[in-house]
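The values are calculated or read from the model by the stated rules, or taken from the named source; none is laboratory data. Note that this is a predicted model, so its numbers are computed, not measured. No Cβ is skipped: glycine too gets one built from the backbone with ideal geometry, and neighbour counts run over all protein chains shown. Remember, those area values only see protein heavy atoms, side chains included, never the ligands or the DNA or RNA. Shrake-Rupley method; radii C 1.70, N 1.55, O 1.52, S 1.80 Å.
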Amino acid sequence: SPVKINQISLDESGEHMGVCSEDGKVQVFGLYSAEEFHETFDCPIKIVAVHPHFVRSHFKQFVTGGKKLLLYERGWMNRWKPSVLHEGEGNIRNVKWRGHLIAWANNMGVKILDMISKQRITNVPRDDISLRPDMYPCSLCWKDNLTLIIGWGNSVKICSVKERHASEMRDLPNRYVEIVFQFDTEFYISGLAPLCDQLVILSYVKEISEKTEVECCARPRLDIVQPLPESCEEISSDALTVRGFQENECRDYHLEYSEGESLFYIISPRDVVVAKERDQDDHIDWLLEKKKYEEALMAAEISQKTIKKHKILDIGLAYINHLVEKGEYDLAARKCQKILGKNTELWEFEVYKFKEIGQLKAISRYLPRRDPVLKPLIYEMVLHEFLESDYEGFATLIKEWPGDLYNNTIIVQAVVDHLKKDPQNRTLLQTLAELYTYDQRYGKALEIYLTLRHKDVFQLIHKHNLFSSIRDKIVLLMDFDSEKAVDMLLDNEDKISIDRVVEELENRPELQHVYLHKLFKRDHHKGQRYHEKQISLYAEYDRPNLLPFLRDSTHCPLEKALEICQQRNFVEETVYLLSRMGNSRSALKMIMEELQDVDKAIEFAKEQDDGELWEDLILYSIDKPPFITGLLNNIGTHVDPILLIHRIKEGMEIPNLRDSLVKILQDYNLQILLREGCKKILVADSLSLLKKMHRTQMKGVLVDEENICESCLSPILPSDASKSFNVVVFHCRHMFHKECLPVSNTV
């Protein structure tokens, strides 16, 4: 064009363009077709707008704006027909076409035309008429097909096009406009654009110079605001540095936007600035710049599908390096688990890095042990680090790490070398035993565990079936924990025989007794060949269990037992043995003379239930008043008390005699009552049974063809049942014909 282009308009498809210029020319043509329209006016044309759907054949329309708003429509034979939509209110300053609605601004305000009804549906007047409309032009933009945003001067209005109810129509248009938001801004508006439910406003700013105190043009501002019913909330604000901003006016700035790409174009006479929404990559850039690595990592993980510029791994590695630089080695090592994941190369690189700064211990707890597994050299390097400075930490790692992570032989040799310097170090010895276990050298591990008296020795024996290795170590096991050792030996008799255990413990009789005692408690017959030996062992080490043993054992020699008990003066055991051997009188005598316990003597006499024993007991007690009292209190149910009372010498003082006699009488009365009660029960039962027998005998007796006469042996019933016959049936079920019944004098 030889002159200035005033405006360019594209349809929504981007295939058709309208152009107007200062020399009055208007052109509408297809970018990809030969379709074209030319018109020249006698005045400059400032505005052109093509129909949003111009690509469709029935929407071949566009409008131009100057003194008038003209609509051009293609009609019959491809001829273009113009029609005046509006005139008489000054120059048309701005036109925006969306769907079936056209909005335009002139010197008086903003109008909206409904292209379906060809009716103007609203007029929004200009607020500040003092501003020149050519210097402070109106900004229009459609947010959607029914929402128009108007910015003029420092005023913003958001208008919504709504359908009118049928009852309200009369002669009114079927649509009307409602202003839903209205507010003023601090500066003059050069452009507007929607951003979701917010607004982007390009503002022309004037300020007072501090040096000259004269009002001058400042840098334009791009603000994002949240509209409210009567005000707005500022979300963000940016001042834009464009060339020549000091000489620019409000009309020199424009704001255009691309809906599909969320791009905003700020146009000034010398510059075009492209603005776009910040994405997660921008946010992560800012976080990294502020050294907020953890937040950056979290943001990247949340938006990993949308970020394009950053990688989670790179952010994580930068975070680890940052923590190491700050000296937070443990936190850095812990983050390695999450950030490095299963990447073995990165793991090994980080381990070497920690080694260089002398912090292998920090990362040791977090090294992967399964999926992935690093090279054995890495784990060995960490173990050597601990072995040089921290035996406890070394032992902990050996317990926690599986034995296949490292070369066991190398670590064993290293531990052996350290034990040469400190041979009694329990931590190293225990760790060496665990290493031997991993290496399946159980014999060596067992020796160390026994030396250390370690609680895991029994678990090791069971787990790896090391019974053949402990045949000569039974004493050591018993010394360490006799209870567990005995239980283990008895549970595994098939692997270590009873005879072998007893033989091994020959020089330690106290341990031999513990083993044999547990064996006897489990089975009275298994160790019968050692019962004679056990008598001496019980007598020496466990007398309380000697008497129960003598009672339960059927294999111990009584004479040997009696000899041992008499030698050691074990009265209770001797009494039991004497009674068991049939010498009850000697046993009773020992109770009376040695124990002097009348209650025990009475109890013994009751158990034996022998009249001669009671006689001996009475004779022995007759000159001992306390014994007489005991007898009087307990003898009543076993021996006639009169026998004892007659033998008491006259004048002998017997303690609690009255109470004893009263007790005898009470016991006697109790016996009488019991007998009477039993008699009543017996009589009642006898009567009941007699009645039952009588009822049973009174019942009918079945007589059929199988029964015979006990005398003539012929069937008891006649063959002809119509004839009368007589039969006698006894309770014993013997049956006779009456004529066959023996007469009374028959023998």
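Of Glu506, Glu532, Glu483, which residue is under 23 Å from Glu572 (Cα atoms), among the acidic types (Asp, Glu) and open to solvent by 60 Å² or more (accessible area, probe 1.4 Å)?
Numbers: Glu506 fails: under 23 Å from Glu572 (Cα atoms); Glu483 fails: under 23 Å from Glu572 (Cα atoms).
Going through Glu506, Glu532, Glu483 in turn, the sole match is Glu532.
Name, by its number, the condition in (1) assigned to a strand (DSSP E or B); (2) modelled with pLDDT of 90 or more; (3) surrounded by fewer than 17 Cβ atoms within 10 Å (Cβ to Cβ) that does not hold for Arg243. The single condition Arg243 does not satisfy is (1). Taking the range 65-87 as the range and being open to solvent by less than 80 Å² (accessible area, probe 1.4 Å) and at pLDDT 85 or above as the test, the residues that pass are Gly65, Leu69, Leu70, Leu71, Tyr72, Glu73, Pro82, Ser83, Val84, Leu85, His86.
Of everything listed in (1) of a type outside the set (Val, Ile, Thr); (2) surrounded by fewer than 18 Cβ atoms within 10 Å (Cβ to Cβ); (3) assigned to a loop (DSSP other than H, G, I, E, B), the single unmet condition for Lys162 is (3).
How many residues does the range 313-337 contain that are open to solvent by less than 70 Å² (accessible area, probe 1.4 Å), without any contact (Cβ under 8 Å) to a residue 12 or more places away in the chain and not acidic (Asp, Glu)? Steps first, answer last, please.
Here is the first cut: in the range 313-337, the residues open to solvent by less than 70 Å² (accessible area, probe 1.4 Å) are 313, 315-324, 327-333, 335-336.
From what is left, the residues that are without any contact (Cβ under 8 Å) to a residue 12 or more places away in the chain are 321, 327-328, 331.
Restricting the remaining residues to those that are not acidic (Asp, Glu) gives 321, 327, 331.
Of the residues in that region, 3 qualify.
Selection of the range 31-56 for residues being without any contact (Cβ under 8 Å) to a residue 40 or more places away in the chain and either closer than 19 Å to Ile102 by Cα or surrounded by 15 or more Cβ atoms within 10 Å (Cβ to Cβ) (or both) yields Glu35, Phe41, Pro44, Ile45, Arg56.
Restricting the range 696-713 to residues that are without any contact (Cβ under 8 Å) to a residue 12 or more places away in the chain and part of a loop (DSSP other than H, G, I, E, B), which is most open to solvent (accessible area, probe 1.4 Å)? Applying the filter and picking the extreme gives Glu706. The set of residues in the range 165-184 that are part of a strand (DSSP E or B) and out of contact with any Asp or Glu (no Cβ under 9 Å at 6 or more places or on another chain) comprises Val177, Glu178, Ile179, Val180.
For the range 285-315, the tally of residues that are farther than 21 Å from Glu261 by Cβ and under 33 Å from the mean Cα position of the chain (by Cα) stands at 17. Any residue at all in the range 275-288 that's in contact (Cβ under 8 Å) with a residue 60 or more places away in the chain, assigned to a loop (DSSP other than H, G, I, E, B) and open to solvent by 80 Å² or more (accessible area, probe 1.4 Å)? Among the residues of the range 275-288, at least one is in contact (Cβ under 8 Å) with a residue 60 or more places away in the chain, assigned to a loop (DSSP other than H, G, I, E, B) and open to solvent by 80 Å² or more (accessible area, probe 1.4 Å), which makes the answer yes.
How many residues, within the range 203-216, are open to solvent by less than 40 Å² (accessible area, probe 1.4 Å) and out of contact with any Phe, Trp or Tyr (no Cβ under 6 Å at 6 or more places or on another chain)? Full working, then the answer.
Kept after step one, since they are open to solvent by less than 40 Å² (accessible area, probe 1.4 Å), are these residues of the range 203-216: 203-205, 209.
Remaining after also requiring out of contact with any Phe, Trp or Tyr (no Cβ under 6 Å at 6 or more places or on another chain): 209.
Qualifying residue count, the range 203-216: 1.
Would you confirm whether or not the range 166-188 contains a residue that is assigned by the TED database to the domain that holds Gly153, loosely packed, with under 15 Cβ neighbours inside 10 Å and either in contact with a Leu (Cβ under 6 Å, 6 or more places away or on another chain) or among the polar types (S, T, N, Q) (or both)? Yes; the residues of the range 166-188 include at least one that is assigned by the TED database to the domain that holds Gly153, loosely packed, with under 15 Cβ neighbours inside 10 Å and either in contact with a Leu (Cβ under 6 Å, 6 or more places away or on another chain) or among the polar types (S, T, N, Q) (or both).
In this structure, Met108 does not satisfy being open to solvent by 60 Å² or more (accessible area, probe 1.4 Å) and either out of contact with any strand residue (DSSP E or B) (no Cβ under 9 Å at 6 or more places or on another chain) or not assigned by the TED database to the domain that holds Ser190 (or both). For the residues Leu550, Leu519, the requirement of being in a helix (DSSP H, G or I), in contact with an Asp or Glu (Cβ under 7 Å, 6 or more places away or on another chain) and open to solvent by less than 80 Å² (accessible area, probe 1.4 Å) singles out Leu550.
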